[in-house]
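Let me begin by presenting the structure, written as structure tokens, before commenting on it.
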Amino acid sequence: MLFRHKTFVYFSRKVPRILAFEYFISKKTLKSVVQGKKVSKPIVRISVISIALAVIVNLITIAVVTGFQQEVRQKVSGFGSHIFIMEASENSIYESDPIQRSQAFLADLKKDPGIKSIAVVGYKPVLLQSEEREISYKLSNGKDTTETQYQVHGAVIKGIANDYDWGFFKNYLLKGKIPDFSQDSCANQLVISRKLAADLNYTIGDNVSAFFVKNQPVKRKFKIVGIYETGLEEFDKQIVLGSLSSVQELNDWGIKASIEIADTTIEGQLVVQANVSGGNNNYRYDWGKGFDSYVGFQICPHKDTTIRLIVSDFWSSTREDLAESTIPDTAYMKITVEKGGELRCYFSVNKEGTIEKKYLNENGTKFEVSDGTKRLIIETTDGKGSSQNYVSGFEIMVYNWGELDEVLARTKKRVERILMPNGEVLKATSIIENEPDIFVWLGFLDLNVIIILVLMILIGIINMGSALLVLILIRSNFIGMMKAMGATNWSIRKIFLIQAGFLIGRGMLWGNVIGLALCLAQKYLGLIPLDPEVYYLSQVPIEINVWHWLLLNIGTLVVCLSALIIPSMVIARINPVKAIKFN
């Protein structure tokens, strides 16, 4: 009997017992299915090709979209951070009000297992100007003329301290070096993108003119020490990397105080006054007797004197117990009486209306004044300023992108809706909130993937269903004989489903070989370029995820076989008597 055939017994040991008989018959008749009649052979090949094409298209689609999302996400996060802590009233991280650098919550955040790094940053808008360019052209009257032109680009300097992780920019550094911004000698160095360098005609070692908007426009010179290119052109031409100390100074964060002798006199006496910059321009002064509103005072020194000045700003009142102020700054002035000790002063002004000062050093911090009866040596020590105590915010990088929402939630609990000891109110935002347009666009790609996957699998199912129906119809005699020998409809259906599974597997094998080959060729050779201004990348990215690959193959096999159960129901309608008689 067929059921005790020794070959069948052999195969029954290799597959589950519930499929042993069907597997044996399917294996024996598979060759005749693939290389069978003229009607079935091309249909079977078309079905196998359709499955292969479905796998190829789906594999490439998933690899490209995953690579695209990961590449753009990585680059956007590299320019910024996964989470940013800033002043609560601001919406733009590039123009936010400063917050104090020293925060109590930082110690707790550093213990968070999901946080990889925390770095302080500062931002300052800047206009970068190219060198002079001689442009020659003809006038309407035919005469040649030459004109000097400048190229100007707006950008944002991202101020970085020594706690910043340079890993991202090191991967995309084309020329030069990464400066050590912890050293004062690197304070005026910049790292710019290849796009900006080309537009402004600058290279490594050049000095670039930079203009900043403060109370008055300020021009500074910076030296280019590095050039990078990420391919994310929109960000490349916007972000310039500089030192945090320069950004803090240029933003006038905190307060910087100094003491000076006024050019005029009052009743022959000198006038000592404060010179303050930064803060909110509402200042209070402590000349040694507590904070008050007096910006200066008269003095007639007859003995050595040291003057100390503490300056802070205020919002509502000059009273210390009511004022909400920034970190104050302290300046000093030392007055040495070298000749004369008269109690009266006879200081006068010259024809220009100023006091005669004899400077004793190059920077003007030490000078001599005299009224004829006494000679004073005056030496000033400017405050160091409190700008170094302020930053735009804190950049937080997480270990796992999938845990971003959880880490953000924990961070919000530590910093939001809490009045800080210094009166600040902060908030934490994710990169998805800071760059909504890009991430909404990336989210739409998931919908495109689903549509393509469904369409391609449907095409494969339709083709395999058609092939299965043809195989059933042209093998009706075989079905009749099996039924006459006692085989059930479900057993016969399983025989054809197993054969369909072999064909699907063959198509998937070829689809995986071709699809993976194309993906690897693009990944390592970059065969298909992209326009960075449109797609943010210079070539089609590829990311082959093992789990995505496994799910795609398993899902394709399961869905296709499950869908073929319905057309296989035709077998139940075949009458064995008619089928054998038909033969």
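Take the residues in the stretch 428-440 that are of a type outside the set (A, V, I, L, M) and at pLDDT below 90, then tell me which one is surrounded by the fewest Cβ atoms within 10 Å (Cβ to Cβ).
If we filter the stretch 428-440 for residues that are of a type outside the set (A, V, I, L, M), which is where we start, we get 429-430, 433-437, 439.
Within this subset, residues satisfying the condition of being at pLDDT below 90 are 433-437, 439.
Details: GLU433: 14, ASN434: 20, GLU435: 20, PRO436: 10, ASP437: 7, PHE439: 18.
Looking at the filtered set, the residue picked out is ASP437.
Which count do you get for residues in the stretch 104-126 that are among the hydrophobic types (A, V, I, L, M, F, W, C), assigned to a helix (DSSP H, G or I) and exposed (fewer than 15 other Cβ atoms within 10 Å of the Cβ)? Reasoning before the result, please.
Within the stretch 104-126, the first condition is being among the hydrophobic types (A, V, I, L, M, F, W, C), and the residues that meet it are 104-107, 109, 115, 118-121, 126.
Keeping just the survivors that are assigned to a helix (DSSP H, G or I) gives 106-107, 109.
Narrowing the set further to residues that are exposed (fewer than 15 other Cβ atoms within 10 Å of the Cβ) leaves 107.
Qualifying residue count for the region: 1.
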(message) Against the condition of a type in the set (Lys, Arg) and closer than 20 Å to LYS523 by Cα, how does ARG101 come out, does it pass?
(response) no
(request) Among residues belonging to the stretch 286-321 that are surrounded by 16 or more Cβ atoms within 10 Å (Cβ to Cβ) and among the polar types (S, T, N, Q), point out the one that is modelled with the lowest pLDDT. (result) THR318
(request) Please enumerate the residues belonging to the stretch 80-99 that are surrounded by fewer than 19 Cβ atoms within 10 Å (Cβ to Cβ) and not acidic (Asp, Glu). (result) ALA88, SER89, ASN91, SER92, TYR94
(request) Inspect all residues belonging to the stretch 521-530 and state whether any of them is of a type in the set (D, E, K, R), part of a loop (DSSP other than H, G, I, E, B) and at pLDDT 85 or above. (result) no
(request) Of the conditions (1) surrounded by fewer than 20 Cβ atoms within 10 Å (Cβ to Cβ); (2) at pLDDT below 85, CYS560 clears all except one; give me its number. (result) (1)
(request) Assess whether ILE452 counts as being touching a strand residue (DSSP E or B) at 6+ places or on another chain (Cβ under 9 Å) and of a type in the set (Val, Ile, Thr). (result) no
(request) Return the pairs, sorted by first residue and then second, in which the second residue is of a type in the set (Ser, Thr, Tyr) and at pLDDT below 70, the first residue lies in the stretch 471-497 and is more than 16 Å from ILE565 (Cα to Cα) and assigned by TED's automatic domain parsing to the domain that holds ILE566, the beta carbons are less than 9 Å apart, and the residues are 6+ apart or on different chains. (result) ILE474/SER40; ARG475/THR29; ARG475/SER32; ARG475/SER40; PHE478/THR29
(message) Looking only at residues that are modelled with pLDDT under 85 and not in a helix (DSSP H, G or I) in the stretch 220-250, which one is surrounded by the most Cβ atoms within 10 Å (Cβ to Cβ)?
(response) LEU232
(message) Of the conditions (1) part of a loop (DSSP other than H, G, I, E, B); (2) among the aromatic types (Phe, Trp, Tyr); (3) at pLDDT 85 or above, TRP253 satisfies every one except a single condition; which number is it?
(response) (3)
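Does SER258 satisfy the criteria of being among the hydroxyl-bearing types (Ser, Thr, Tyr), in a strand (DSSP E or B) and out of contact with any Pro (no Cβ under 6 Å at 6 or more places or on another chain)?
Working: among the hydroxyl-bearing types (Ser, Thr, Tyr): yes; in a strand (DSSP E or B): yes; out of contact with any Pro (no Cβ under 6 Å at 6 or more places or on another chain): yes.
For SER258, the condition - among the hydroxyl-bearing types (Ser, Thr, Tyr), in a strand (DSSP E or B) and out of contact with any Pro (no Cβ under 6 Å at 6 or more places or on another chain) - is met.
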(request) Could you check how many residues of the stretch 162-182 are in contact with a helix residue (DSSP H, G or I) (Cβ under 7 Å, 6 or more places away or on another chain) and either β-branched (Val, Ile, Thr) or closer than 20 Å to GLU233 by Cα (or both)? (result) 3
(message) I'd like to know if the stretch 201-214 contains one or more residues that are assigned to a helix (DSSP H, G or I), at pLDDT 85 or above and surrounded by fewer than 19 Cβ atoms within 10 Å (Cβ to Cβ).
(response) no
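For the structure I just gave you, tell me whether SER185 is farther than 23 Å from LEU232 by Cα, in a helix (DSSP H, G or I) and over 23 Å from the mean Cα position of the chain (by Cα). Write out each step before concluding.
On the way: farther than 23 Å from LEU232 by Cα: yes; in a helix (DSSP H, G or I): yes; over 23 Å from the mean Cα position of the chain (by Cα): yes.
When the stated conditions are applied, SER185 passes them.
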(message) Report every pair of residues separated by at least 6 positions or lying on different chains whose Cβ atoms are under 6 Å apart, first residue within the stretch 302-327 and part of a loop (DSSP other than H, G, I, E, B), second modelled with pLDDT of 80 or more and basic (Lys, Arg).
(response) PHE314/ARG284; THR318/ARG284
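The values are calculated or read from the model by the stated rules, or taken from the named source; none is laboratory data. As the structure is a computational prediction, the values presented were derived from the model and not from experiment. A quick note on method: Cβ atoms are made from the backbone with ideal geometry, for glycine too, and the neighbour counts reach across all protein chains shown.
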